[in-house]
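*Asks:* Take this structure, written in C-alpha coordinates, and hold onto it; I'll ask about it next.
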Amino acid sequence: MKEKRMRQVVAILFAVMILIYLSGCGKNEAETSPVNLSDAETSENGKEQPQLEKNEDSEMDVAEPTEDVQLEGTTVEADGKSEAVADIDYTVVKPDESREIMVIMYHNLGEKNTEYGRTPESFRADLQRLYDMGFRTVSMSDYINNNFEVAAGYTPVVLTFDDGHVSNFNYLEENGTLIIDPNCVVGIMNDFEKEHPDFGKNAIFYLNYGNAFGQEQYRTQKIEYLLANGYEIGNHALSHDDLSSLDAAGIQKALGKNAKLYSEEYPGVEMTNLALPYGKRPKDEVLRNFVRTGEYEGYTYKNDVILLVGWKPTYPIYNVSLDTNSVHRVQSGDGEMQLTWWLDQYEIHPEKRFISDGMPNRISVPDARKDEVNPELIGDRELYFYEIENNVE
Ligand SMILES: [Zn+2]
(Lines give C-alpha, C1' and ligand atoms only; values in the text may rest on other atoms or scores of the structure.)
Protein backbone atom coordinates (compact mmCIF):
# COMPACT_ATOMS: atom_id res chain seq x y z
CA MET A 1 0.00 0.00 0.00
CA LYS A 2 2.72 2.36 1.04
CA GLU A 3 4.78 1.33 -1.99
CA LYS A 4 1.87 2.02 -4.37
CA ARG A 5 1.40 5.44 -2.85
CA MET A 6 5.13 6.07 -3.29
CA ARG A 7 4.90 5.14 -6.99
CA GLN A 8 1.96 7.54 -7.42
CA VAL A 9 3.95 10.37 -5.87
CA VAL A 10 6.92 9.64 -8.09
CA ALA A 11 4.67 9.52 -11.18
CA ILE A 12 3.10 12.86 -10.28
CA LEU A 13 6.50 14.44 -9.65
CA PHE A 14 7.73 13.08 -12.98
CA ALA A 15 4.70 14.51 -14.78
CA VAL A 16 5.23 17.89 -13.14
CA MET A 17 8.89 17.88 -14.19
CA ILE A 18 7.94 17.09 -17.77
CA LEU A 19 5.45 19.94 -17.73
CA ILE A 20 8.06 22.34 -16.38
CA TYR A 21 10.53 21.16 -18.99
CA LEU A 22 8.02 21.56 -21.82
CA SER A 23 6.96 25.03 -20.75
CA GLY A 24 10.65 25.92 -20.58
CA CYS A 25 11.11 24.88 -24.21
CA GLY A 26 8.12 26.90 -25.23
CA LYS A 27 9.62 29.91 -23.56
CA ASN A 28 12.88 29.49 -25.41
CA GLU A 29 11.08 29.39 -28.71
CA ALA A 30 9.17 32.54 -27.89
CA GLU A 31 12.43 34.24 -27.03
CA THR A 32 13.85 33.80 -30.47
CA SER A 33 12.18 37.11 -31.14
CA PRO A 34 14.74 39.34 -29.47
CA VAL A 35 12.95 40.78 -26.49
CA ASN A 36 15.21 42.00 -23.74
CA LEU A 37 17.46 39.01 -23.42
CA SER A 38 20.42 39.79 -21.30
CA ASP A 39 21.80 36.56 -19.90
CA ALA A 40 24.18 34.00 -21.32
CA GLU A 41 21.39 32.48 -23.40
CA THR A 42 21.26 35.64 -25.42
CA SER A 43 24.29 35.08 -27.55
CA GLU A 44 23.31 31.48 -28.19
CA ASN A 45 19.95 32.53 -29.49
CA GLY A 46 21.49 35.48 -31.23
CA LYS A 47 23.59 33.30 -33.46
CA GLU A 48 20.45 31.58 -34.65
CA GLN A 49 18.77 34.82 -35.53
CA PRO A 50 18.57 34.80 -39.32
CA GLN A 51 17.53 38.42 -39.59
CA LEU A 52 20.34 39.87 -37.56
CA GLU A 53 23.30 39.83 -39.87
CA LYS A 54 23.39 38.76 -43.45
CA ASN A 55 27.13 38.98 -43.70
CA GLU A 56 27.89 36.31 -41.17
CA ASP A 57 31.43 36.07 -42.39
CA SER A 58 32.25 39.68 -41.67
CA GLU A 59 34.71 40.01 -38.86
CA MET A 60 33.60 42.63 -36.43
CA ASP A 61 36.07 44.14 -34.05
CA VAL A 62 35.12 45.36 -30.61
CA ALA A 63 34.17 48.79 -31.78
CA GLU A 64 31.54 47.53 -34.14
CA PRO A 65 28.04 46.45 -33.32
CA THR A 66 27.67 42.80 -32.49
CA GLU A 67 24.74 40.50 -32.75
CA ASP A 68 24.49 40.53 -28.99
CA VAL A 69 24.18 44.27 -29.02
CA GLN A 70 21.31 44.14 -31.39
CA LEU A 71 19.52 41.63 -29.24
CA GLU A 72 19.51 43.96 -26.30
CA GLY A 73 16.07 45.32 -26.69
CA THR A 74 15.63 45.90 -30.38
CA THR A 75 14.29 44.00 -33.27
CA VAL A 76 14.97 44.66 -36.91
CA GLU A 77 11.92 44.51 -39.08
CA ALA A 78 11.79 43.33 -42.66
CA ASP A 79 11.91 46.88 -43.96
CA GLY A 80 15.25 47.40 -42.28
CA LYS A 81 13.89 49.81 -39.70
CA SER A 82 14.35 49.06 -36.08
CA GLU A 83 11.75 49.17 -33.40
CA ALA A 84 12.42 49.53 -29.74
CA VAL A 85 10.82 46.76 -27.78
CA ALA A 86 12.54 47.23 -24.44
CA ASP A 87 15.32 49.09 -22.75
CA ILE A 88 18.74 48.21 -24.03
CA ASP A 89 21.61 47.13 -21.82
CA TYR A 90 23.48 50.42 -21.62
CA THR A 91 26.65 48.78 -20.38
CA VAL A 92 26.81 46.73 -23.56
CA VAL A 93 25.58 49.15 -26.23
CA LYS A 94 27.05 52.32 -24.70
CA PRO A 95 24.96 54.54 -26.97
CA ASP A 96 26.05 58.12 -27.53
CA GLU A 97 23.64 60.04 -29.66
CA SER A 98 25.47 63.33 -29.35
CA ARG A 99 28.38 62.23 -31.54
CA GLU A 100 29.36 62.51 -35.19
CA ILE A 101 27.20 61.68 -38.17
CA MET A 102 28.47 61.69 -41.73
CA VAL A 103 26.45 63.40 -44.43
CA ILE A 104 28.26 62.05 -47.47
CA MET A 105 28.48 64.12 -50.63
CA TYR A 106 28.54 62.38 -53.98
CA HIS A 107 28.23 63.82 -57.46
CA ASN A 108 28.40 61.71 -60.62
CA LEU A 109 29.46 58.14 -61.25
CA GLY A 110 31.89 57.65 -64.11
CA GLU A 111 34.71 55.66 -65.61
CA LYS A 112 37.35 57.00 -63.25
CA ASN A 113 37.52 58.13 -59.67
CA THR A 114 38.01 61.88 -59.84
CA GLU A 115 37.81 64.72 -57.37
CA TYR A 116 34.02 64.56 -57.35
CA GLY A 117 33.25 61.46 -59.42
CA ARG A 118 33.24 57.84 -58.36
CA THR A 119 33.20 54.67 -60.42
CA PRO A 120 30.22 52.36 -59.92
CA GLU A 121 32.63 49.77 -58.46
CA SER A 122 34.04 52.25 -55.97
CA PHE A 123 30.54 53.38 -55.04
CA ARG A 124 29.51 49.78 -54.38
CA ALA A 125 32.66 49.30 -52.31
CA ASP A 126 31.81 52.44 -50.31
CA LEU A 127 28.36 51.06 -49.51
CA GLN A 128 29.79 47.70 -48.52
CA ARG A 129 32.38 49.23 -46.23
CA LEU A 130 29.81 51.50 -44.61
CA TYR A 131 27.57 48.50 -44.09
CA ASP A 132 30.32 46.31 -42.66
CA MET A 133 31.37 49.07 -40.28
CA GLY A 134 27.85 49.33 -38.88
CA PHE A 135 26.53 52.41 -40.68
CA ARG A 136 22.86 52.44 -41.67
CA THR A 137 21.23 55.02 -43.94
CA VAL A 138 18.63 57.50 -42.74
CA SER A 139 16.86 60.06 -44.90
CA MET A 140 17.67 63.76 -44.76
CA SER A 141 14.19 64.35 -43.30
CA ASP A 142 14.91 61.86 -40.54
CA TYR A 143 18.21 63.59 -39.85
CA ILE A 144 16.45 66.96 -39.67
CA ASN A 145 13.73 65.55 -37.41
CA ASN A 146 16.09 63.62 -35.10
CA ASN A 147 14.35 60.44 -36.19
CA PHE A 148 17.10 57.86 -36.02
CA GLU A 149 15.49 54.55 -36.79
CA VAL A 150 18.62 52.47 -36.75
CA ALA A 151 19.17 49.49 -34.48
CA ALA A 152 21.04 49.78 -31.20
CA GLY A 153 24.79 49.93 -31.63
CA TYR A 154 24.65 51.25 -35.20
CA THR A 155 25.45 54.65 -36.69
CA PRO A 156 23.17 56.63 -38.99
CA VAL A 157 24.58 58.00 -42.23
CA VAL A 158 23.03 60.33 -44.83
CA LEU A 159 23.83 59.94 -48.54
CA THR A 160 23.56 63.02 -50.77
CA PHE A 161 24.01 63.43 -54.54
CA ASP A 162 24.42 66.83 -56.13
CA ASP A 163 23.58 68.18 -59.58
CA GLY A 164 21.19 65.51 -60.93
CA HIS A 165 23.72 63.77 -63.15
CA VAL A 166 22.33 61.14 -65.49
CA SER A 167 24.66 58.68 -63.74
CA ASN A 168 22.59 59.21 -60.60
CA PHE A 169 19.51 57.87 -62.33
CA ASN A 170 19.71 56.42 -65.82
CA TYR A 171 17.12 54.42 -67.71
CA LEU A 172 18.15 51.81 -70.26
CA GLU A 173 15.89 50.46 -72.95
CA GLU A 174 15.96 46.73 -73.12
CA ASN A 175 13.72 44.88 -75.59
CA GLY A 176 11.30 47.75 -75.60
CA THR A 177 11.06 48.08 -71.84
CA LEU A 178 12.72 50.57 -69.56
CA ILE A 179 15.01 49.29 -66.87
CA ILE A 180 17.02 51.18 -64.30
CA ASP A 181 20.68 51.09 -65.25
CA PRO A 182 22.29 48.70 -62.73
CA ASN A 183 25.38 50.92 -62.76
CA CYS A 184 23.66 54.19 -61.88
CA VAL A 185 23.27 55.33 -58.26
CA VAL A 186 19.60 54.34 -57.99
CA GLY A 187 20.26 50.93 -59.58
CA ILE A 188 23.21 50.25 -57.30
CA MET A 189 21.36 51.38 -54.18
CA ASN A 190 18.28 49.32 -55.05
CA ASP A 191 20.42 46.23 -55.57
CA PHE A 192 22.46 46.81 -52.43
CA GLU A 193 19.33 47.21 -50.36
CA LYS A 194 17.96 43.93 -51.70
CA GLU A 195 21.04 42.14 -50.40
CA HIS A 196 21.26 44.19 -47.20
CA PRO A 197 17.72 45.27 -46.30
CA ASP A 198 18.77 46.75 -42.97
CA PHE A 199 21.09 49.22 -44.75
CA GLY A 200 18.04 51.03 -46.12
CA LYS A 201 18.10 52.88 -49.42
CA ASN A 202 17.86 56.42 -48.23
CA ALA A 203 19.40 59.09 -50.40
CA ILE A 204 18.67 62.67 -51.33
CA PHE A 205 19.29 64.17 -54.76
CA TYR A 206 19.96 67.91 -54.86
CA LEU A 207 18.49 69.24 -58.07
CA ASN A 208 18.48 72.33 -60.20
CA TYR A 209 15.52 72.90 -62.41
CA GLY A 210 15.23 71.64 -65.97
CA ASN A 211 18.17 69.32 -66.34
CA ALA A 212 17.47 66.76 -63.64
CA PHE A 213 19.09 63.42 -64.50
CA GLY A 214 19.49 64.12 -68.23
CA GLN A 215 17.14 62.07 -70.44
CA GLU A 216 14.56 64.85 -70.65
CA GLN A 217 11.88 62.43 -71.86
CA TYR A 218 12.02 60.49 -68.57
CA ARG A 219 12.48 63.41 -66.25
CA THR A 220 9.01 63.33 -64.68
CA GLN A 221 8.99 59.56 -64.53
CA LYS A 222 12.32 59.52 -62.71
CA ILE A 223 11.33 62.04 -60.10
CA GLU A 224 8.03 60.28 -59.51
CA TYR A 225 9.91 57.01 -59.14
CA LEU A 226 12.26 58.52 -56.56
CA LEU A 227 9.44 59.99 -54.53
CA ALA A 228 7.45 56.76 -54.64
CA ASN A 229 10.43 54.69 -53.54
CA GLY A 230 11.56 56.50 -50.44
CA TYR A 231 14.22 58.70 -52.02
CA GLU A 232 14.20 62.46 -51.56
CA ILE A 233 14.94 65.55 -53.59
CA GLY A 234 16.42 68.76 -52.25
CA ASN A 235 17.15 72.27 -53.44
CA HIS A 236 20.36 73.02 -55.34
CA ALA A 237 19.16 76.38 -56.72
CA LEU A 238 17.34 77.03 -59.99
CA SER A 239 20.38 77.08 -62.27
CA HIS A 240 23.20 76.06 -59.96
CA ASP A 241 23.50 79.73 -59.04
CA ASP A 242 26.44 81.12 -57.10
CA LEU A 243 24.46 82.56 -54.18
CA SER A 244 27.41 84.65 -53.00
CA SER A 245 27.10 86.80 -56.13
CA LEU A 246 23.36 87.54 -55.91
CA ASP A 247 21.27 90.20 -54.21
CA ALA A 248 18.19 89.47 -52.09
CA ALA A 249 15.87 89.22 -55.07
CA GLY A 250 18.34 87.01 -56.91
CA ILE A 251 18.75 84.60 -54.01
CA GLN A 252 15.00 84.36 -53.54
CA LYS A 253 14.51 83.64 -57.20
CA ALA A 254 17.27 81.02 -57.31
CA LEU A 255 15.95 79.17 -54.27
CA GLY A 256 12.25 80.07 -54.27
CA LYS A 257 11.57 79.51 -57.95
CA ASN A 258 13.27 76.11 -57.91
CA ALA A 259 11.30 74.98 -54.86
CA LYS A 260 8.08 76.47 -56.24
CA LEU A 261 8.37 74.74 -59.63
CA TYR A 262 9.07 71.34 -58.08
CA SER A 263 6.24 71.69 -55.59
CA GLU A 264 3.83 72.59 -58.38
CA GLU A 265 4.94 69.77 -60.62
CA TYR A 266 5.02 67.14 -57.89
CA PRO A 267 2.17 67.82 -55.47
CA GLY A 268 3.09 67.18 -51.87
CA VAL A 269 6.79 67.73 -52.50
CA GLU A 270 8.50 70.45 -50.55
CA MET A 271 12.18 71.24 -50.72
CA THR A 272 13.06 71.83 -47.08
CA ASN A 273 16.81 71.81 -47.32
CA LEU A 274 19.57 73.14 -49.53
CA ALA A 275 22.95 72.04 -50.80
CA LEU A 276 24.80 75.25 -51.61
CA PRO A 277 25.99 75.27 -55.25
CA TYR A 278 29.80 75.48 -55.15
CA GLY A 279 29.39 75.53 -51.37
CA LYS A 280 29.07 79.32 -51.65
CA ARG A 281 26.85 81.66 -49.69
CA PRO A 282 26.77 85.42 -49.21
CA LYS A 283 28.96 86.96 -46.52
CA ASP A 284 26.37 89.55 -45.61
CA GLU A 285 24.18 88.48 -42.67
CA VAL A 286 20.98 89.94 -44.14
CA LEU A 287 21.53 88.18 -47.43
CA ARG A 288 22.32 84.97 -45.58
CA ASN A 289 18.87 85.07 -44.05
CA PHE A 290 17.42 84.76 -47.54
CA VAL A 291 19.36 81.55 -48.01
CA ARG A 292 17.49 80.26 -45.01
CA THR A 293 14.04 81.54 -45.87
CA GLY A 294 12.37 83.83 -48.34
CA GLU A 295 9.61 84.22 -50.84
CA TYR A 296 9.26 84.05 -54.58
CA GLU A 297 6.00 84.97 -56.35
CA GLY A 298 3.89 84.12 -53.32
CA TYR A 299 5.75 80.89 -52.54
CA THR A 300 7.57 80.80 -49.21
CA TYR A 301 10.57 78.54 -48.87
CA LYS A 302 12.45 77.57 -45.75
CA ASN A 303 15.64 75.54 -45.57
CA ASP A 304 15.92 73.68 -42.27
CA VAL A 305 19.42 72.63 -43.12
CA ILE A 306 22.00 74.23 -45.43
CA LEU A 307 24.79 71.97 -46.61
CA LEU A 308 28.31 73.02 -47.45
CA VAL A 309 30.71 71.22 -49.75
CA GLY A 310 33.05 68.92 -47.80
CA TRP A 311 34.97 68.24 -45.62
CA LYS A 312 34.16 66.59 -42.31
CA PRO A 313 31.44 64.77 -40.40
CA THR A 314 28.66 66.72 -38.76
CA TYR A 315 26.51 66.24 -35.67
CA PRO A 316 22.87 65.66 -34.91
CA ILE A 317 20.79 68.84 -35.06
CA TYR A 318 20.56 69.07 -31.25
CA ASN A 319 24.32 69.06 -30.73
CA VAL A 320 25.38 72.49 -29.47
CA SER A 321 28.26 72.68 -31.94
CA LEU A 322 26.08 72.33 -35.01
CA ASP A 323 25.03 75.33 -37.04
CA THR A 324 22.22 74.25 -39.36
CA ASN A 325 23.13 77.15 -41.64
CA SER A 326 26.44 75.50 -42.48
CA VAL A 327 26.37 71.74 -42.18
CA HIS A 328 29.53 69.99 -43.27
CA ARG A 329 29.58 67.03 -45.58
CA VAL A 330 32.14 64.32 -46.12
CA GLN A 331 33.20 64.27 -49.74
CA SER A 332 33.34 60.89 -51.46
CA GLY A 333 36.79 59.71 -52.48
CA ASP A 334 39.98 58.16 -51.23
CA GLY A 335 42.02 61.29 -50.57
CA GLU A 336 42.77 62.99 -47.31
CA MET A 337 39.63 64.18 -45.49
CA GLN A 338 37.48 62.22 -47.92
CA LEU A 339 35.19 59.30 -47.16
CA THR A 340 37.75 56.49 -47.16
CA TRP A 341 40.02 58.57 -44.93
CA TRP A 342 37.23 59.28 -42.46
CA LEU A 343 36.28 55.60 -42.33
CA ASP A 344 39.90 54.80 -41.52
CA GLN A 345 39.67 57.39 -38.74
CA TYR A 346 36.57 55.72 -37.31
CA GLU A 347 38.38 52.41 -37.18
CA ILE A 348 40.96 54.10 -34.95
CA HIS A 349 38.46 56.26 -33.03
CA PRO A 350 35.12 54.45 -32.98
CA GLU A 351 34.11 56.45 -29.90
CA LYS A 352 33.63 59.53 -32.08
CA ARG A 353 30.71 57.95 -33.89
CA PHE A 354 27.08 58.48 -33.05
CA ILE A 355 26.00 55.17 -31.53
CA SER A 356 22.27 54.59 -31.60
CA ASP A 357 20.26 53.36 -28.64
CA GLY A 358 17.81 51.77 -31.06
CA MET A 359 14.96 53.84 -29.66
CA PRO A 360 13.98 56.68 -32.01
CA ASN A 361 11.94 58.43 -29.34
CA ARG A 362 14.78 58.56 -26.86
CA ILE A 363 18.06 60.42 -27.17
CA SER A 364 20.69 58.66 -25.06
CA VAL A 365 23.85 60.47 -24.09
CA PRO A 366 26.47 59.63 -21.44
CA ASP A 367 26.35 61.92 -18.43
CA ALA A 368 29.80 63.27 -19.09
CA ARG A 369 28.65 64.65 -22.43
CA LYS A 370 25.31 66.12 -21.44
CA ASP A 371 26.54 69.64 -22.23
CA GLU A 372 26.76 68.63 -25.88
CA VAL A 373 22.98 68.58 -26.16
CA ASN A 374 20.65 71.53 -26.55
CA PRO A 375 17.43 70.20 -24.96
CA GLU A 376 15.40 72.80 -26.84
CA LEU A 377 16.20 71.17 -30.15
CA ILE A 378 15.09 67.62 -29.44
CA GLY A 379 11.38 68.16 -30.06
CA ASP A 380 9.17 65.85 -28.01
CA ARG A 381 11.77 63.12 -27.72
CA GLU A 382 13.00 61.95 -24.35
CA LEU A 383 16.47 63.04 -23.35
CA TYR A 384 18.20 60.33 -21.37
CA PHE A 385 21.56 60.75 -19.64
CA TYR A 386 23.32 57.80 -18.13
CA GLU A 387 26.51 56.99 -16.26
CA ILE A 388 29.14 55.09 -18.12
CA GLU A 389 32.70 54.28 -17.21
CA ASN A 390 35.56 55.33 -19.43
CA ASN A 391 33.28 56.97 -21.95
CA VAL A 392 35.47 59.97 -22.35
CA GLU A 393 38.64 59.49 -24.27
ZN1 LIG B 1 26.38 71.33 -57.54
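The values are calculated or read from the model by the stated rules, or taken from the named source; none is laboratory data. What you see is a predicted model, and the numbers here were worked out from it, not measured in a lab. No Cβ is skipped: glycine too gets one built from the backbone with ideal geometry, and neighbour counts run over all protein chains shown. Just the protein is used for accessible areas: all its heavy atoms, side chains included, with ligands, DNA and RNA removed. Shrake-Rupley method; radii C 1.70, N 1.55, O 1.52, S 1.80 Å.
*Asks:* Any chance you could run the full-extension gain for residue 325 through residue 289? It's 0.36 nm times the residue separation minus the Cα-Cα distance, nm to one decimal. Before the final figure, lay out each step's value.
*Replies:* On the way: separation 36, 0.36 × 36 = 12.96 nm, distance 0.93 nm.
Roughly 12.0 nm would be gained on extension.
*Asks:* According to a simple spin-label model (label point 7 Å from Cα along Cα-to-Cβ), what is the distance in nm between residue 172 and residue 387?
*Replies:* A separation of 6.0 nm, rounded to one decimal place.
*Asks:* Residue by residue through the stretch 344-352, what is 3J(HN,Hα) from phi via Karplus (6.51 cos²θ - 1.76 cosθ + 1.60, θ = phi - 60°)? Round to whole Hz and write x for glycine and proline.
*Replies:* 4, 4, 5, 6, 7, 10, x, 5, 7
*Asks:* Please sort by residue number the trypsin sites (Lys or Arg not before Pro) in the stretch 101-171 whose DSSP state is loop and whose Cβ has at most 12 other Cβ atoms within 10 Å.
*Replies:* For trypsin sites (Lys or Arg not before Pro) across the stretch 101-171 that sit outside H, G, I, E and B with at most 12 neighbouring Cβ atoms in 10 Å, the list reads 112.
*Asks:* Counting only heavy atoms of the protein chains, get the accessible area per residue of the stretch 102-357 (1.4 Å probe) and round it to a whole Å² value.
*Replies:* Values: 9820 Å² over 256 residues.
Per-residue value: 38 Å².
*Asks:* Separate question: So what J values fall out for the stretch 179-196 if you push phi through Karplus, 6.51 cos²θ - 1.76 cosθ + 1.60 with θ = phi - 60°, rounded to Hz, Gly and Pro as x?
*Replies:* Per residue, the Karplus-derived 3J(HN,Hα) values read 10, 6, 3, x, 9, 9, 4, 5, x, 5, 5, 4, 5, 5, 5, 5, 7, 9 Hz.
*Asks:* Continuing with the same structure: Give me D for the stretch 102-357 in µm² s⁻¹, whole number, from Stokes-Einstein with Rh from the Kirkwood sum over alpha-carbon pairs, 4 °C and 1.567 mPa s. Show your work: numbers first, answer last.
*Replies:* Values: Rh = 18.6 Å.
The calculation lands on 70 µm²/s.
*Asks:* Whose amide H sits under 5 Å from the amide H of residue 87, counting only residues 5 or more places off or on another chain, with H placed in the peptide plane?
*Replies:* So residue 87 has HN proximity to no qualifying residue.
*Asks:* May I ask you to evaluate 6.51 cos²θ - 1.76 cosθ + 1.60, the Karplus curve with θ = phi - 60°, for each residue of the stretch 233-246 and list the ³J(HN,Hα) values in order in whole Hz, giving x for glycine and proline?
*Replies:* Coupling constants for the stretch 233-246: 10, x, 7, 10, 6, 3, 10, 6, 6, 7, 5, 6, 9, 10 Hz.
*Asks:* Residues with amide H under 5 Å of residue 326's amide H, sequence separation 5 or more or different chain, H placed in the peptide plane at 1.01 Å from N; which?
*Replies:* So residue 326 has HN proximity to 306.
*Asks:* Among 306, 207, 267, which residue has its Cα positioned farthest towards the positive end of the charge dipole of the stretch 102-357, with +1 placed on the Cβ of Lys and Arg, -1 on the Cβ of Asp and Glu, and the dipole taken about the Cα centre?
*Replies:* Projecting each Cα onto the dipole axis, the largest value belongs to 306.
*Asks:* Which far-off residues, 5 or more places away or on another chain, put their amide H under 5 Å from the one on residue 310, with H placed in the peptide plane?
*Replies:* Here 329, 331 satisfy the definition.
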